[in-house]
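Below is one structure; the comments refer to it alone.
The values are calculated or read from the model by the stated rules, or taken from the named source; none is laboratory data. These numbers were taken from a predicted model, which means no experiment stands behind them. All Cβ positions, even for glycine, are placed from backbone atoms using ideal geometry, and neighbour counts span all protein chains on display. Note: areas computed on protein heavy atoms with side chains; ligands, DNA, RNA excluded. Shrake-Rupley method; radii C 1.70, N 1.55, O 1.52, S 1.80 Å.
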Amino acid sequence: GDSVTQMEGPVTLSEEAFLTINCTYTATGYPSLFWYVQYPGEGLQLLLKATKADDKGSNKGFEATYRKETTSFHLEKGSVQVSDSAVYFCALSRVGFNKFYFGSGTKLNVKP
Amino acid sequence: DTAVSQTPKYLVTQMGNDKSIKCEQNLGHDTMYWYKQDSKKFLKIMFSYNNKELIINETVPNRFSPKSPDKAHLNLHINSLELGDSAVYFCASSQDYGTRDRYEQYFGPGTRLTVT
């Protein structure tokens, strides 16, 4: 069945460090891929998405590229800020299946 | 003008009680969902409604009963609450689940349920 695997956290970085959070997926067909972010005490917000292979999603300095050959959708940011501290979720969904598969979430702590 | 709203934000109750959580979306979306997030942040889908019709009903105890009076509202009623029901419950909505660019989900702020 479809599934998403994310690297376990927490990930602790200093401000301005480079961020990578790994995400790999298993799915039949051609899923769309998403990154959601959850700030403390809040609901999930869509951060970025990619709907087909080789697409790059980007938002707020974050990027992720849909790599079908490696079934991956790693999240990257060149220079993190304290305000990026949150839990990040990778997710996939397939058209018509009305179901999102979320990874287990990766907590990011950014220290000043 | 909150897109997806839930009430209450916090709910503390005793075992055995019955409680409801309400969700409303003003995005004009057709599909709404309930998720449960446990203490380790793992998200599990519980139910999904499309145009007031139940389309996903995961393995959830039948003490949980969703109700959708119209496509902008999806409420969750829980009977005979148990300690293990303590979690954060999220409502979400999406415009369409059949079209590639229109089914990203928008989440409410969550309801933290504590059963004592």
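What to note about this one:
- Wholly within the stretch A:1-59, strands (runs of 3 or more DSSP E) carrying at least 1 residues that are surrounded by fewer than 16 Cβ atoms within 10 Å (Cβ to Cβ) and out of contact with any Gly (no Cβ under 9 Å at 6 or more places or on another chain): A:11-14, A:19-21, A:44-50, A:56-59
- Candidate set from the stretch B:47-69 (those that are aliphatic (A, V, I, L, M) and within 12 Å of another protein chain (Cβ to nearest Cβ)); member that is least open to solvent (accessible area, probe 1.4 Å): B:Ile56
- Test: residue in the stretch A:63-81 that is crowded, with 20+ Cβ neighbours inside 10 Å, aromatic (Phe, Trp, Tyr), within 14 Å of another protein chain (Cβ to nearest Cβ) and under 22 Å from B:Met46 (Cβ atoms): no
- Criterion violated by B:Ser65 - all others in (1) closer than 28 Å to A:Cys90 by Cβ; (2) in a strand (DSSP E or B) satisfied: (1)
- Those residues of the stretch A:49-69 which are at pLDDT 95 or above and among the polar types (S, T, N, Q), in sequence order: A:Ser58, A:Asn59, A:Thr65
- Residue that is open to solvent by less than 60 Å² (accessible area, probe 1.4 Å) and assigned to a loop (DSSP other than H, G, I, E, B), where the choices are B:Gly16, B:Gly84: B:Gly16
- Close pairs (7 angstrom Cβ cut-off, 6 or more residues apart or separate chains): under 19 Å from A:Lys111 (Cα atoms) in the stretch A:1-12, of a type outside the set (Phe, Trp, Tyr) and loosely packed, with under 12 Cβ neighbours inside 10 Å anywhere: A:Thr12/A:Lys111
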